[in-house]
1. Among the candidates 242, 254, which residue alone is touching a helix residue (DSSP H, G or I) at 6+ places or on another chain (Cβ under 8 Å), crowded, with 20+ Cβ neighbours inside 10 Å and at pLDDT below 90?
2. If residue 501 passes every condition in (1) part of a strand (DSSP E or B); (2) within 14 Å of residue 534 (Cβ to Cβ) but one, which one does it miss?
3. Considering every residue within segment 564-573, establish whether at least one is in a helix (DSSP H, G or I) and under 10 Å from residue 494 (Cβ atoms).
4. For the structure I just gave you, tell me whether residue 226 is at pLDDT below 90, under 27 Å from residue 425 (Cα atoms) and outside the structural domain of residue 48 (by TED's automatic domain parsing).
5. Residues in segment 654-666 that are surrounded by 13 or more Cβ atoms within 10 Å (Cβ to Cβ) and under 20 Å from residue 572 (Cβ atoms): how many?
6. Any residue in segment 2-24 that is free of Cβ contacts under 8 Å to residues at least 12 places away in the same chain and either in contact with a strand residue (DSSP E or B) (Cβ under 6 Å, 6 or more places away or on another chain) or over 24 Å from residue 81 (Cα atoms) (or both)?
7. Yes or no: residue 38 farther than 18 Å from residue 183 by Cα, without any contact (Cβ under 8 Å) to a residue 60 or more places away in the chain, part of a helix (DSSP H, G or I) and not assigned by TED's automatic domain parsing to the domain that holds residue 257?
8. Within the group 521, 511, which residue is buried (at least 22 other Cβ atoms within 10 Å of the Cβ) and either touching a residue at least 24 places away in the same chain (Cβ under 8 Å) or in the same structural domain as residue 588 (by TED's automatic domain parsing) (or both)?
């Protein structure tokens, strides 16, 4: 038992530890979008399915041949190490990032992950074969417990203390240890006889009946709905906050915890407790999708969404345990569960971004969870006394009908009233008009990314060329732009938005804009007029701003503006020490680097202070709060980083600015190290 337990624990730990490790490594190469994690999860679920299918098929071979095949594959897995992605993939994903990410992961971690994925069902099948009366499903719970430990240690122990490259090397070394241990376990198992002898095994096999197709379809539906909700909740969090490992891990922890409880202690799943909680959870998560929901504290939102996901997964996985088959059909059971998970991953990670205009996968996931739960409960009600059966089914159908009608209303609200609704790998974009320009001074056209306002333009002709929202003249960026007026300037801008910063362009100026999302450029040119109205010469370079800058000769910018956002946060790879080195390489000696650090949830000042100090620059931070009756300007925070001599030449820049000084010990962020958890407000 010790060999089985150690091998399964180590494999499960490595299986889930590698997910944030490799995802964080490649996140900067594909724009820092939350879709990178969704695509990674799709890969992990697909390979998990292949691993389970391999275990199911391998288990049909004689024990000795099983051991020889598996040991050979373990050796092949070692040859693919270490799991350090090749930097040549950096510039290869502009056209189809999802397919490129899947290919990258296949080459980098495909074989080791496949072997780890096959371990739990394979060893459980071996254990059931050689241990009469054994409890292989408890090994599945043990596997999930080790997976949970991996997820909890990453944001609190590994990410804050180890560079990404070191994480990959240490993980690779641990995989070698796993391969040796798994090979020994396979060989020892192949030498053991089936528990109870051949006659007992044959008798047990003859007495057992295969699961029905209806049961298999329920396995598929229950696992698939839990998978869709896992990814939908993760996307909902990361698109509005930040694409960081901590927010990847929280939903996954809730998902895994439900697996552990249901498979290790199935008695803890009580329908009398979890069915009412399911109704409340589905209602709350639906409310969060309603466009007019009230803003809540970040920590409360994360906690409530994680709890809601946990309840939904408890119901799905609790019902899965109730429907689990005899251990003889164990590998087929796991294959079906993994098929459901992979289908959920394909739906959210690949189908939804390319087919839907809005984030329909979340309400669809809620609807599927409600429907499949309703089907399971209806099966139970069918065996109840006639009076209870009729009443229960009617109540259930009415509740489901009302809930589906409400979800349909949410899906309509997601697109209703907008001039443009578009979506791709980088997220959802919507354009809406607010107010009537004939009577309202503050009538405006807005560009919304997810739920975040990424810029707007006033609709009245006299205000159309005015820089507004986060870019008003009184803001930090406005002060920087005004200070440099008078001579022709060359200005670099990372992040186009609707093109508001073009309003500061003057005749003779050159604006070079870096934008990763082709949909943003299309909308800025078609639905807004900032780029058409500016007197400056406008150049647009498509691609991730940092990666494009790294490939260009020095641009000699007078000002470089970093205003690229993914949801409500700056992608981490754009604010590391290496990123700032790239920015300063493209700035003139007296140039100014402007960084938009406006954020509802994160305090980016320590990151800016450490970066400015590392390059012996002066950092000035501006927190602009407009009057309540100002219809044009938003509260915003900007940091201007420059040489002290530049600040002395423009004394007006120090007005209403705070000089950045270290307030607490804080480690500078690099491409190898960052810790977003440490700057949560």
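1. Details: 254 fails: at pLDDT below 90.
After ruling out the rest, the residue left standing is 242.
2. (1)
3. First pass over segment 564-573, keeping only residues in a helix (DSSP H, G or I): 572-573.
Narrowing the set further to residues that are under 10 Å from residue 494 (Cβ atoms) leaves none.
No, segment 564-573 contains no residue that is in a helix (DSSP H, G or I) and under 10 Å from residue 494 (Cβ atoms).
4. On the way: at pLDDT below 90: no; under 27 Å from residue 425 (Cα atoms): yes; outside the structural domain of residue 48 (by TED's automatic domain parsing): yes.
It is false that residue 226 is at pLDDT below 90, under 27 Å from residue 425 (Cα atoms) and outside the structural domain of residue 48 (by TED's automatic domain parsing).
5. Of the residues in segment 654-666, the ones surrounded by 13 or more Cβ atoms within 10 Å (Cβ to Cβ) are 654, 656-658, 660, 666.
Within this subset, residues satisfying the condition of being under 20 Å from residue 572 (Cβ atoms) are 660, 666.
Residues that pass the stated criteria total 2.
6. Among the residues of segment 2-24, at least one is free of Cβ contacts under 8 Å to residues at least 12 places away in the same chain and either in contact with a strand residue (DSSP E or B) (Cβ under 6 Å, 6 or more places away or on another chain) or over 24 Å from residue 81 (Cα atoms) (or both), which makes the answer yes.
7. Details: farther than 18 Å from residue 183 by Cα: yes; without any contact (Cβ under 8 Å) to a residue 60 or more places away in the chain: no; part of a helix (DSSP H, G or I): yes; not assigned by TED's automatic domain parsing to the domain that holds residue 257: yes.
No, not satisfied.
8. Result: 511 is the single residue among 521, 511 that is buried (at least 22 other Cβ atoms within 10 Å of the Cβ) and either touching a residue at least 24 places away in the same chain (Cβ under 8 Å) or in the same structural domain as residue 588 (by TED's automatic domain parsing) (or both).
The values are calculated or read from the model by the stated rules, or taken from the named source; none is laboratory data. The shown structure was predicted, so the numbers you read here are calculated from the model rather than taken from an experiment. With ideal geometry, Cβ positions are generated from the backbone for all residues, glycine too; neighbour counts draw on all protein chains shown.
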